[in-house]
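What follows is a short report on a single structure.
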Amino acid sequence: MAQGITVWLTGLSGAGKTTICRIAADRLLRRGIRAEVLDGDELRNALSPDLGFSREDRMQHARRTAYVAKLLSRNGVVVFVALISPYREMRSHARREIEQFVEVYVKCPLTVCAKRDVKGLYRKAARGKIRQFTGISDPYEEPDHPDLVLETDRESPQESAEKLLQYLKASGRLPPEPS
Ligand code: ADP
């Protein structure tokens, strides 16, 4: 079976991780390549309803996510993980655990994310209604050496997804299209 890969997207809430993952996964699925999106919010409901947002709980949630991604990607699936994953320690854990792994920094200024406020969370956080909110009252540690950076305040979601797929293709990381 062709080797899969885990493509791990990190970035602030509202930076564009989920949007990019969904577009990229759809494009691969249409070409007959098996792809899956592991969305941090969805996975929290499914796998981690017991966890909150302390550093230790976030670490635990990231470890669970990495475990699922590892199982899928070693079975030929291209796995797109959309997880804020604000701590370097989480991302290096995932990189250690998963044989085929790419780290993508979905970069967008906090002010732009807060203006988009896709889920209304920044407004709540600004009013002090959410504790430990990444970028406001909890740190986001920027990746030191990401494999790829997507600057979503400067390009459309389609362009970002296209750049991601181009990168994966050019670095020989996509499984072959079925004939
Ligand atoms: P996240 O998963 O990082 O929390 P979302 O994908 O839920 O973020 O939301 C990102 C928002 O930003 C969407 O409304 C999306 O349309 C918008 N956006 C603007 N430009 C981009 C881009 N280049 N890539 C991804 N999203 C973008």
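The values are calculated or read from the model by the stated rules, or taken from the named source; none is laboratory data. Quick caveat, the model's predicted, so the values are computed rather than measured. Please note: Cβ atoms are built from the backbone with ideal geometry, for glycine as well, and neighbour counts cover all protein chains shown.
Odds and ends about this structure:
- Elements of type helices (runs of 4 or more DSSP H) in the range 77-147, at least 2 residues being touching a strand residue (DSSP E or B) at 6+ places or on another chain (Cβ under 7 Å) and at pLDDT 95 or above: 88-97
- Selected residue (criterion: farthest from the chain's Cα centre (by Cα)) from residues of the range 146-179 that are of a type in the set (D, E, K, R) and away from the ligand (no atom under 13 Å from the Cβ): Glu177
- Test: residue in the range 151-158 that is assigned to a helix (DSSP H, G or I), modelled with pLDDT of 95 or more and not basic (Lys, Arg): yes
- Restricted to the range 158-168, and to residues there that are surrounded by 15 or more Cβ atoms within 10 Å (Cβ to Cβ) and in contact (Cβ under 8 Å) with a residue 12 or more places away in the chain, the residue that is nearest to Pro109 (Cα to Cα) is Ser160.
- Index of the failed condition, Arg88 passing every other in (1) surrounded by 15 or more Cβ atoms within 10 Å (Cβ to Cβ); (2) in contact (Cβ under 8 Å) with a residue 24 or more places away in the chain: (1)
- Among residues of the range 1-57, those that are more than 11 Å from the ligand (Cβ to nearest atom) and in a loop (DSSP other than H, G, I, E, B), counted: 15
- Hits in the range 65-84 (condition: out of contact with any Asp or Glu (no Cβ under 9 Å at 6 or more places or on another chain) and either polar (S, T, N, Q) or surrounded by fewer than 16 Cβ atoms within 10 Å (Cβ to Cβ) (or both)): Thr65, Leu71, Asn75, Gly76
- Of all residues in the range 67-76, those satisfying the criterion of being in contact (Cβ under 8 Å) with a residue 60 or more places away in the chain and assigned to a helix (DSSP H, G or I) are Ala69, Lys70, Leu72, Ser73.
- Taking the criterion of being within 15 Å of the ligand (Cβ to nearest atom) and either within 25 Å of Leu168 (Cβ to Cβ) or loosely packed, with under 15 Cβ neighbours inside 10 Å (or both), the residues of the range 125-145 that qualify are Tyr140, Glu142, Pro143.
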